[in-house]
Amino acid sequence: MPTFLRTHLTALRMLLVMTVILGLAYPLLVTGISQLAFADKANGSIVTSGGKPVGSSLLGQNYDLPKKDPNNADEQAQPDPKFFQPRPSAGSYDPKTSGASNLGPNSADLLKAVQERRAAIAAFDGVDPATVPPDAVTASGSGLDPHISVAYAKEQVDRVARERGLPAEKLNQLIEKYTDGRSLGFLGQDGVNVVLLNKAISEQR
């Protein structure tokens, strides 16, 4: 058999062997281990309520009132006062458009947006604009962060308590329950998972 033909056959055999090992065996092994060891995380950390999926604990989402005209793309959705609101998102929490706005700290557009958000949030929550936390008026880098600061969660307690007829003390207990500590114990700040918090208050009687 000519040398060039033996070389090509050897390469073909290696291609087939590596395809089976890396393209089939390895993915199946990893998938099997993940399903056995931590199926919930492997399947997207899906949050369910009443047996139905309502989101993922890893992805934030909007909590808005239904539009008056669902077919009107120009109608601005209004936040639902019965829910804790997340921080702003440049992509409206759409995973397909994950990312930031790319507006820098010297951007006049960003400054205007922050001022408008601060005024709107202060009016919505019935607080002094000066007390609105920074994360309430600025989006995360991914635009998908499900967490807000403890300060922003506490700011919304009176509104949610009033709208739902729940004791503020109960809401504060739920905030504490769904507060995650700093990453690795020292990175970032404590954050409240809004998706899990809103699921919990929706199930309160």
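The values are calculated or read from the model by the stated rules, or taken from the named source; none is laboratory data. Note that the structure is a prediction, hence the values are computed from the model and not measured. Note: ideal-geometry Cβ built from the backbone for every residue, glycine included; neighbour counts use all protein chains shown. Each accessible area value is taken on the protein alone, full model and side chains, heavy atoms only, with ligands, DNA and RNA left out. Shrake-Rupley method; radii C 1.70, N 1.55, O 1.52, S 1.80 Å.
Show the residues, 5+ positions off or on another chain, whose built amide H is closer than 5 Å to the amide H of residue 54.
For residue 54, whose amide H was placed from the backbone, the distant partners under 5 Å are 47, 48, 49.
In nm, give the distance between the simple-model label positions of residue 190 and residue 33, each being 7 Å from the Cα along the Cα-to-Cβ direction.
For the pair residue 190/residue 33, the computed spacing is 3.5 nm.
What's the longest uninterrupted piece of the chain once you rule out the GluC sites (Glu not before Pro) that are loop residues per DSSP with at most 15 other Cβ within 10 Å?
Working: sites that count: 75, 203.
Here the longest segment lacking exposed loop sites spans 76-202.
Given the protein chains as shown and a 1.4 Å probe, how many square angstrom of residue 159 are accessible, to the nearest 10?
Counting only protein heavy atoms, residue 159 exposes about 0 Å² to solvent.
With θ set to phi - 60° and the Karplus curve 6.51 cos²θ - 1.76 cosθ + 1.60, what are the ³J(HN,Hα) couplings of the range 27-36 in order, to the nearest whole Hz, using x for Gly and Pro?
So the Karplus estimates, Gly and Pro as x, are x, 5, 5, 5, 4, x, 5, 5, 5, 7 Hz.
Suppose the chain between residue 205 and residue 151 were pulled fully straight at 0.36 nm per residue; how much longer would it get relative to their current alpha carbon spacing?
Using 0.36 nm per residue and subtracting the Cα-Cα distance, I get 16.9 nm.
Connecting C-alpha atoms closer than 10 Å in a GNM of the chain, tell me which of 139, 168, 123 has the biggest fluctuation.
It is 123.
When the dipole is taken about the Cα centre of the range 158-200, and only Lys, Arg (+1) and Asp, Glu (-1) are charged at their Cβ, what size is it in debye, to the nearest 20?
On the way: 7 positive and 6 negative charges, 31 e Å.
Using only the charged Cβ atoms, the result is roughly 160 debye.
Not counting ligands, DNA or RNA, and with a 1.4 Å probe, what is residue 14's accessible surface area in Å² rounded to the nearest 10?
Accessible surface of residue 14 is approximately 100 Å².
So if I take the centroid of the Cα atoms in the range 94-135 and the same for the range 31-60, what is the distance between those two points in Å?
Rounded to whole Å, the Cα centres lie 31 Å apart.
Within straight cross-link reach of residue 68, meaning Cα distance under 12 Å, which aspartates and glutamates are found once same-chain residues fewer than 8 apart are removed?
In chain and number order, there are no partners.
Rounded to the nearest 500 deg cm²/dmol, what is the calculated helix-only ellipticity per residue at 222 nm for the chain, with -39500 (n - 2.57) per DSSP H run of length n ≥ 4?
When only DSSP H runs of four or more count, the value is -13000 deg cm²/dmol.
Can you put 21, 175 in order of accessible area, largest first, using a 1.4 Å probe?
Heavy-atom accessible area, descending, gives 21, 175.
Among 43, 106, 193, determine the one that fluctuates most according to a GNM of the chain built with springs between C-alpha atoms less than 10 Å apart.
Judging by the Gaussian network model, the answer is 106.
Picking from 183, 173, 28, whose Cα lies most toward the positive end of the charge dipole for the chain (charges on Cβ: Lys, Arg +1; Asp, Glu -1)?
28
Taking the Cα centre of the range 1-88 as origin, sum charge times position over the Cβ atoms of Lys and Arg (+1) and Asp and Glu (-1), and report the length of that vector in debye to the nearest 20.
Charge dipole of the range 1-88: 460 debye, to the nearest 20.
Whole-Hz ³J(HN,Hα) for each residue in the range 189-197, computed from phi via Karplus 6.51 cos²θ - 1.76 cosθ + 1.60 with θ = phi - 60°, x for glycine and proline: what do you get?
Per-residue couplings from phi come out as 10, 4, x, 9, 6, 5, 4, 5, 5 Hz.
Share of the range 77-165's accessible area from carbon and sulfur, percent, 1.4 Å?
54
Based on Cβ point charges of +1 for Lys and Arg and -1 for Asp and Glu, what charge dipole magnitude is obtained for the chain about its Cα centre, in debye rounded to the nearest 20?
720
What do you get for chymotrypsin sites (Phe, Trp or Tyr not before Pro) in the range 89-197 restricted to DSSP loop and a cutoff of at most 13 other Cβ within 10 Å of the site's Cβ? The partial results should precede the final answer.
Numbers: sites: 93, 124, 152, 178, 186; in loops: 93, 178, 186.
Those that pass, being in a loop and sparsely packed, are 186.
What are the trypsin sites (Lys or Arg not before Pro) within the range 19-81 that DSSP puts in a loop, where the Cβ has at most 11 other Cβ atoms within 10 Å?
Answer by residue number: 68.
First check a/c for the range 79-167, with a ≥ b ≥ c the square roots of the eigenvalues of its C-alpha gyration tensor; if it is under 1.5, answer rounded, and if not, answer prolate when a/b is larger than b/c or oblate otherwise.
Verdict is oblate for the range 79-167.
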